[in-house]
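A.B. asks: There's a structure below that I have some questions on.
Bear in mind these aren't lab numbers, they're just calculated from the coordinates by the rules spelled out. The structure presented is a predicted model; accordingly, all values stated were derived computationally and were not measured. So basically every Cβ, Gly included, is an ideal-geometry build from the backbone, and we count neighbours across all protein chains shown.
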Amino acid sequence: MFPQQDVSLSYEGKTELIQQKDFYIGFPRGFVVSEGKQYIVCDSRAADFKIYDSSGVPLAKFGRKGYGPDEFISPWLHDYSNNMLLFSDTSTEKLYIYEISENLSFKKVYQLFATSVLDAKLMAESKQVLICRFPIPDDPKKKTYFIVLTKTFDEKNTDYLLPFEIQLGKNAKPVDFDKLKKINPSNFPDFIILPPWKFCDYYNDDIYFVWTANLEPVRINLITKQFTFFGEKTKNYIKPYVSSDFKQSYLEMNSKKYRSFISQMSWVSKIFVDSELLGIIFSNYDKLSSRWKAFLQIYDRTGRFLREEPLQNFSNSYDQGNFFYDKKSKTLYCLSDSSSGDIGNYYVFKYKIILKK
């Protein structure tokens with residue numbers, strides 16, 4: 001579509017999100033940017049959504065912890081499009097769509113039961129929701145587990161798109177989950193030991209999926225149902241693997257030791273796509289700063305690798321960061337956190353992908 005040198009990444013600066021009394025971000029789990037350049041952060045700890053203007057000034061918040069109307073337990077913000085927020089509540093196993101008005105009021109327009117959602121996207125054109133989840137079957141009699149599905153807003157149709165073993169790569173064999181339930185934990189396959197995070201996006205009739213522990217994304221065409229694998233494992237990418245000690249730390253539930261193994265490998269934390277480009281973000285742990293630093297890979301929509309660049313100035317406390325991509329402006333927003341005593345500081349870093357035509 002275009003040569004590598006015609007794509008570049010421009011750092012556009014950062015904005016601090018001001019923390020003040022009754023408006024502290026406890027634990028961010030997803031954030032988006034509205035058409036008006038307002039930042040909306042899902043605070044999973046407070047079970048609410050905090051809205052800031054483009055300068056980082058607090059404007060409003062919505063939601064609280066509980067089981068009543070407009071209350072949540074552990075919300076996770078996944079997507080935003082045309083004043084619509086898509087988020088899940090893992091504790092109550094629900095997926096919500098809320099509409100935000102100009103005066104920043106929230107109105108629930110849709111709700112469905114969805115188990116173990118890890119990522120989701122609004123497919124407004126077809127009035128569908130793309131869901132990426134744990135491999136849990138809807139029908140116990142089915143032997144094949146699926147991790148990506150779509151549901152229409154009225155829940156009359158469910159289209160299962162991606163068999164579980166596809167996340168392991170193009171050479172993976174079918175997984176017998178009934179057999180796995182009976183084996184000794186010490187014989188667990190590697191994919192159980194590795195983190196479960198999965199990410200998806202779409203453009204027109206193409207669905208894109210990637211697993212955090214395998215930089216081998218797959219494109220699924222909704223018309224032909226064909227899978228196309230791609231991905232470039234560069235010198236910066238440290239492929240995850242499971243050693244005997246790594247597995248032992250998992251089985252012993254030794255979180256400190258387990259995290260030490262996590263810090264030695266690269267983890268994918270975002271996939272996004274627009275009409276021309278596809279982006280993948282992965283993070284590496286930097287021992288000098290004790291923080292995770294991110295790299296952006298850029299492909300064309302066919303999966304042809306174009307370039308890879310570090311996200312200049314950006315770092316994060318966790319391997320799984322919070323990112324939002326504006327498809328219209330080709331702008332990537334990255335939420336960064338840092339600590340100052342008992343109060344966390346948060347900054348939004350902004351990058352623009354530039355095509356020279």
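A.B. asks: Net charge near TYR250, counting Lys/Arg +1 and Asp/Glu -1 over other residues with Cβ under 14 Å of its Cβ?
C.D. replies: Numbers: positive: LYS247, LYS256, LYS257, ARG259; negative: ASP190, ASP245, GLU252.
That sum, taken over residues with Cβ under 14 Å, equals +1.
A.B. asks: Here is a further query. Taking 0.36 nm per residue of separation and subtracting the Cα-Cα distance, what length does fully extending ARG307 through SER290 add?
C.D. replies: Values: separation 17, 0.36 × 17 = 6.12 nm, distance 2.64 nm.
Gain on extension, ARG307 to SER290, equals 3.5 nm.
A.B. asks: Using the Karplus curve 6.51 cos²θ - 1.76 cosθ + 1.60 with θ = phi - 60°, work out ³J(HN,Hα) for each residue of the range 224-238 in order, rounded to whole Hz, and write x for Gly and Pro.
C.D. replies: For the range 224-238, the Karplus curve yields 8, 6, 7, 9, 10, 9, 7, x, 10, 8, 7, 5, 7, 8, 10 Hz.
A.B. asks: Let me ask something else about it. Summing +1 for each Lys or Arg and -1 for each Asp or Glu, what net charge is found among the other residues whose Cβ lies under 10 Å from the Cβ of ASN82?
C.D. replies: Working: positive: none; negative: GLU35, GLU99.
Overall, the nearby charge balance is -2.
A.B. asks: Identify the chymotrypsin sites (Phe, Trp or Tyr not before Pro) of the range 64-102 meeting these criteria: DSSP loop state and at most 13 other C-beta atoms within 10 Å of the C-beta. Provide the component values of the computation, followed by the final result.
C.D. replies: Working: sites: TYR67, PHE72, TRP76, TYR80, PHE87, TYR96, TYR98; in loops: TYR67.
Those satisfying the criteria are TYR67.
A.B. asks: Further question on the same structure: Quick one: of LYS65/LYS107; LYS270/LYS352; LYS50/LYS198, which pairs are farther than 21 Å apart, Cα to Cα?
C.D. replies: On the way: LYS65/LYS107 17 Å; LYS270/LYS352 16 Å; LYS50/LYS198 25 Å.
Long pairs (Cα-Cα over 21 Å): LYS50/LYS198.
A.B. asks: Which listed residue (PHE323, LEU306, TRP267) has the Cα farthest towards the positive end of the charge dipole for the range 265-357, taking +1 on Lys and Arg C-beta and -1 on Asp and Glu C-beta about the Cα centre?
C.D. replies: LEU306
A.B. asks: Oh, and also: Remind me, what semi-axes does the range 18-65 give for its equivalent ellipsoid, largest first in whole Å, using sqrt of 5 times each Cα gyration tensor eigenvalue?
C.D. replies: Rounded to whole Å, the semi-axes are 16, 12, 8.
A.B. asks: Taking a cut-off of 20 Å between Cα atoms, list the aspartates and glutamates near LYS21, but don't count ones fewer than 8 places away on the same chain.
C.D. replies: Within the straight-line limit of under 20 Å, LYS21 reaches these aspartates and glutamates: ASP43, ASP48, ASP53, ASP337, ASP342.
A.B. asks: Continuing with the same structure: Which is the longest part of the chain that has none of the GluC sites (Glu not before Pro) sitting in a DSSP loop with at most 14 other Cβ atoms within 10 Å?
C.D. replies: Values: sites that count: GLU35, GLU93, GLU102, GLU155, GLU252.
Answer - 253-357.
A.B. asks: Residues with beta-carbon under 9 Å from that of LYS50, excluding LYS50: net charge, scoring Lys, Arg +1 and Asp, Glu -1? Intermediate values should be presented prior to the final figure.
C.D. replies: Details: positive: LYS61; negative: ASP43, ASP48.
It works out to a net charge of -1.
A.B. asks: With only Lys, Arg, Asp and Glu charged, each at its Cβ (+1 for the first two, -1 for the last two), find how big the charge dipole of the range 4-355 is about the Cα centre; round to the nearest 20 debye.
C.D. replies: Details: 47 positive and 43 negative charges, 167 e Å.
Using Cβ point charges on Lys, Arg, Asp and Glu, the range 4-355 gives about 800 debye.
A.B. asks: How big is the equivalent ellipsoid of the chain along its three axes, where each semi-axis is √(5λ) from the Cα gyration tensor, reported in whole Å from largest to smallest? Each step should come with its number before you reach the end.
C.D. replies: On the way: eigenvalues 165, 123, 110 Å².
After scaling each eigenvalue by five and taking roots: 29, 25, 24 Å.
A.B. asks: Which ³J(HN,Hα) values in Hz, rounded to whole numbers, follow from the phi angles of the range 90-98 under the Karplus curve 6.51 cos²θ - 1.76 cosθ + 1.60, where θ = phi - 60° and Gly and Pro get x?
C.D. replies: My calculation for the range 90-98 gives 4, 6, 9, 6, 10, 10, 10, 10, 10 Hz in order.
A.B. asks: Can you tell me the dipole magnitude for the range 148-296 around its Cα centre, using point charges on the Cβ only (Lys, Arg +1; Asp, Glu -1), in Debye to the nearest 20? The partial results should precede the final answer.
C.D. replies: Numbers: 21 positive and 17 negative charges, 151 e Å.
My answer is approximately 720 debye.
A.B. asks: Something else now. Of ASN254, VAL109, SER8, which is farthest towards the positive pole of the chain's charge dipole, taken about the Cα centre with +1 and -1 on the beta-carbons of Lys, Arg and Asp, Glu respectively?
C.D. replies: ASN254
A.B. asks: Measure off 7 Å from each Cα along the Cα-to-Cβ vector at ASN204 and ASP300, then give the distance between these two points in nanometres to one decimal.
C.D. replies: So the label points at ASN204 and ASP300 sit 1.3 nm apart.
A.B. asks: Considering the dipole of the range 4-355 built from charges on the beta carbon (Lys and Arg +1, Asp and Glu -1) around the Cα centre, which of GLY169, GLY63, SER336 is farthest to its positive end?
C.D. replies: Looking along the dipole axis, the top candidate is GLY169.
A.B. asks: Each residue of the range 239-244 in turn: what ³J(HN,Hα) in whole Hz from Karplus with 6.51, -1.76, 1.60 and θ = phi - 60°, glycine and Pro shown as x?
C.D. replies: Coupling constants for the range 239-244: 5, x, 8, 10, 8, 5 Hz.
A.B. asks: Could you pull out every one of the aspartates and glutamates with an alpha carbon less than 15 Å from that of LYS239, ignoring same-chain neighbours closer than 8 positions?
C.D. replies: Partners found: ASP190, GLU216, ASP319.
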